[in-house]
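Visitor: Sharing a structure, written as structure tokens. Questions coming.
The values are calculated or read from the model by the stated rules, or taken from the named source; none is laboratory data. Predicted model, so just to flag it, every value in this text is computed and none were measured. So basically every Cβ, Gly included, is an ideal-geometry build from the backbone, and we count neighbours across all protein chains shown. Ligands, DNA and RNA are excluded from the accessible area calculation, which covers all protein heavy atoms including side chains. Shrake-Rupley method; radii C 1.70, N 1.55, O 1.52, S 1.80 Å.
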Amino acid sequence: WDGNGRDTVGLYDPASGAFFLKNTNAPGGADLVFSFGPGAAGWRPITGDWDANGTDSIGLYSPSTAAFFLKNTNSPGGADIVFTYGPSSATPLAGDWNGDGRDTIGIYVASSGAWFLRNTNSPGGADMVFSYGPPDVTPIVGNWDGN
């Protein structure tokens, strides 16, 4: 959250739409507390470095509309990037799929085990489509080899 090159923990309260972000992986109070988006709407939090500035920021995904609402800062206010992508039944993902330093979205369709990854945070067709793993598992994303 603070751009120091280390990932740290945070919490999202779906009832209020509040984010609680820590700049250290240690007990204690949150370093950043703010609300973004509607509370009690069933939206899912998503995080990534949307603008490639070296700092992760927050976003929300609306399962009912398949809309992404991404912020370039960890603060209240309107979304910087808004678009719809994929079916509303999908699981939202974020990662730097092409190694350009910018996190972009993707979706995982649990019923088929299919991954649909975009290299831009915009609507359109997937840049990568593939099936991996059995259906109905929980997807995870990471940089496993450090490249």
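Visitor: I'd like to know which of PHE116, ALA18, PRO139 lies farthest towards the positive end of the charge dipole of the chain, counting +1 on Cβ of Lys and Arg and -1 on Cβ of Asp and Glu.
Guide: Comparing the listed Cα positions along the dipole, ALA18 ranks first.
Visitor: Over the chain, give the accessible area per residue in Å² for a 1.4 Å probe, as an integer.
Guide: Numbers: 7590 Å² over 147 residues.
Solvent-accessible surface per residue comes out at 52 Å².
Visitor: Same structure again: Starting from a Cα-only point model with no solvent, please compute log10 I(q)/I(0) by Debye for region 21-103 at q = 0.10, 0.12, 0.14 1/Å.
Guide: For region 21-103, the Cα-only Debye profile gives -0.26, -0.38, -0.51.
Visitor: Still on this structure, I have one more. Using a 1.4 angstrom probe on the protein heavy atoms only, could you order TRP115, TRP43 from most to least accessible area?
Guide: Sorted descending by solvent-accessible area, the residues read TRP43, TRP115.
Visitor: Rg to Rh ratio, the chain, alpha-carbon atoms and Kirkwood radius?
Guide: 0.95
Visitor: Still on this structure, please answer the following. Between GLY59, GLY28, GLY86, which gets the highest mean-square fluctuation from a Gaussian network model of the chain, Cα cutoff 10 Å?
Guide: GLY28
Visitor: Need one number: the % of Cα-Cα pairs in region 78-147 sitting beyond the 16 Å mark.
Guide: It works out to 49 percent of all Cα pairs.
Visitor: Per 0.36 nm of contour for each residue apart, how much would the distance between THR65 and ASP2 grow if the chain were fully extended, relative to their Cα-Cα spacing?
Guide: Separation in residues times 0.36 nm, less the Cα-Cα distance, equals 19.6 nm.
Visitor: To continue, here is another question. Pairs of alpha-carbon atoms within less than 8 angstrom and 6+ residues apart define the contacts here; what relative contact order does region 70-147 have, in percent?
Guide: Working: 121 pairs, mean separation 17.5, N = 78.
With pairs under 8 Å counted, the relative contact order is 22 percent.
Visitor: Using a probe of 1.4 angstrom, how much of the accessible area of region 1-119 is carbon and sulfur, in percent?
Guide: 52 percent
Visitor: Suppose a student asked you for the relative contact order of region 1-122, using Cα pairs under 8 Å spaced at least 6 residues apart; what percent would you report?
Guide: In percent, rounded to a whole number, it is 17.
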